[in-house]
1. Specify the inter-centroid distance of segment 139-191 and segment 28-50, based on alpha-carbon positions, in whole Å.
2. Divide by every residue of the chain the summed helix terms, -39500 (n - 2.57) for each DSSP H run of at least 4, and state the resulting mean residue ellipticity at 222 nm, rounded to the nearest 500 deg cm²/dmol.
3. Under a crude label model (7 Å from the Cα following the beta-carbon direction), how far is residue 85 from residue 147 in nanometres?
4. Would you mind estimating how fast segment 66-156 diffuses translationally, via Stokes-Einstein at 25 °C and 0.890 mPa s with the Kirkwood radius over Cα pairs, in µm²/s?
5. Once you order the gyration tensor axes a ≥ b ≥ c over the Cα atoms, which shape class does segment 159-286 get: rounded for a/c under 1.5, otherwise prolate or oblate by comparing a/b with b/c?
6. Please give, to one decimal in nm, the separation of the simple spin-label points placed at residue 66 and residue 274, each 7 Å out from Cα toward the Cβ.
7. Under 20 Å from a label point 7 Å along Cα→Cβ of residue 241: give me every residue in segment 174-191 with its amide N that close.
8. Given R₀ = 56 Å, FRET efficiency for residue 127-residue 263 by Cβ-Cβ distance, to 0.05?
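FYI, it's all coordinate maths here, none of it is from the lab. Given the structure is predicted, the values throughout are model-derived calculations rather than measurements. Glycine also receives a Cβ, built like all others from the backbone with ideal geometry; neighbour counts cover every protein chain displayed.
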Amino acid sequence: MSTTPLAQQPPSTQYFQKGLGLKAVAQGLLERDYHSHIVDYLRRHDFTLRIADMEIHLAQEFGFCYGVDRAVEYAYQAREKFPDRRIFLTGEIIHNPHVNRRMIEMGIGFLSGQYSNGVSAENLAPEDVVILPAFGVTINEFKQLSAAGCILVDTTCGSVLNVWKRVEQYARDGFTSVIHGKYFHEETKATSSQATKYPGGHYLVVRNMEEAERVCDFILGKLSREELLAHFVKAISPGFDPDLHLQKIGVANQTTMLSSESLAIAERLKQAILSKYGADDAHFRNFDTICSATQDRQDAVMKLVTSHQLDLMLIVGGYNSSNTNHLAALASQYTRAYHIEDPRCLMSAELIRHKPFGQSEEVETRDWLAAGPVKIGLTAGASTPNNKIGETVVRLAELRGEKVEAWLSA
Ligand code: SF4
C-alpha cells in the first residue's frame, strides 16, 4: 500500500492510515452487516443458481473492492476506538446509500453532501475524529482538517494514491494532466488538486471521447481557445491557458472509468500531439491508472455476457457510483441491462425501476421479466455490499413465486 507523501501529513494531529488496531472486531461487525450466505453459495457453485426456470449467473468478480473493504472497515474500527467522540466523514464514504445510512446509524456524521446534518469542517474541534474516504480529499480539504487538529483516519485507497503520484510527477515535469474522469467526482477533485501542488501545474478533465475530441481539435487548430475554455470552464485548473498548457500533456484517469474508453482517449490524444509535434515524447506521456479492481469487474462482465446467452443483466449499486455505471454501460452493449440501486427496484415481474446509463434519473420499465425460461446475469459495483446481491437473488425468486432457500440445497 502506498503512503501519503510526508510533506502532506499533518504535523501534530493523530493520524491513522494503517488501521486502528481493531481489525478483528471490525471484521465481525462487517460480517454481521454485509455478509450474504447466498453469495457464498454462488461462489461455491460456479457462480450459478437455478430457481425453477430461472438461471442466475453471477459475474466472477463483483462487489466490494479492496479499497472499499478497507475504508468501511476503518470506519468501523474508528467507531469502536472512539465510542465517545464525535466522528465525521468528509462526504460519502463510498457511493452506496445502504453503507452511508449504516454510518449514520453508527452515529457517524457527514461534513458535506446529501447526508450532511449541518456540521461543516469549520465547526470541528481538535477532539473530533474525521474519516477521509477511499476517494481521498483535495489538498485544501486536507490542510483545513489538519489545521483543525482533529484525529484523522485516512482511508484513501492505495490505487488512488498511485494516480496522485503520476499527476504530481507530470506537474513536477511541466506536463499538464489530462484526466479522464468526472470533474465533480470526489476522486477526480482530489486527483486534480494534486496537479496544482507545484507552481505552474495544471489540469483539464475530459469526461468521454467526445470531450477528448474537443481537446484534440484545439491542439490541431480546429477549435478556438474561447470555445475550448467555454466548454471546459468547470473542468480546468485556475489560470488554465490552452495555448500554453496543452503543449505538454500527461494522461491519467479516474480509477473507475470504462477501461476501453480510457485507453482509446489516451491514444486519440497521443495521435493529436504526434500530428502537431511529430514523434516527440517530450510532449506526451500516458499512464493507465484504472485500478485492478475496476478492471477485474469489467473483465468479469465481458466474460459473463460473452459466454452465456443472457436474456438480461442486473447491475446492483448506487446510482452515483462511477464504477457501477460503467459496468452497466458495458453490459448494455451486449444485452438488456438494468442498473438497480437495490432489490426494492424489482417491483414486480412486470415493473422494474432502474437508471439508464448516461441519465441521472431513475425510470420505470414494464415487461422486463418474461414468463418462461430466463437467463439472468448479475453483478454489483465495487461499493455494493454482498447482502444487497443476496437480497436481489431472494427477490428474483419471489417474483417466480419461489423461496430461494429451497433451491440452495438442490
Ligand atoms: S475502485 Fe479501485 S481505486 Fe476505488 S477504492 Fe476500489 S480499489 Fe480503490
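1. Computed from Cα coordinates, the inter-centre distance equals 34 Å.
2. Computed mean residue ellipticity for the chain: -12500 deg cm²/dmol.
3. Placing both labels 7 Å along Cα→Cβ, they lie 2.1 nm apart.
4. 191 µm²/s
5. Note, shape of segment 159-286 comes out rounded.
6. Between residue 66 and residue 274, the label points sit 3.3 nm apart.
7. Backbone N within reach: 174-178.
8. The pair residue 127/residue 263 has a calculated efficiency of 0.75.
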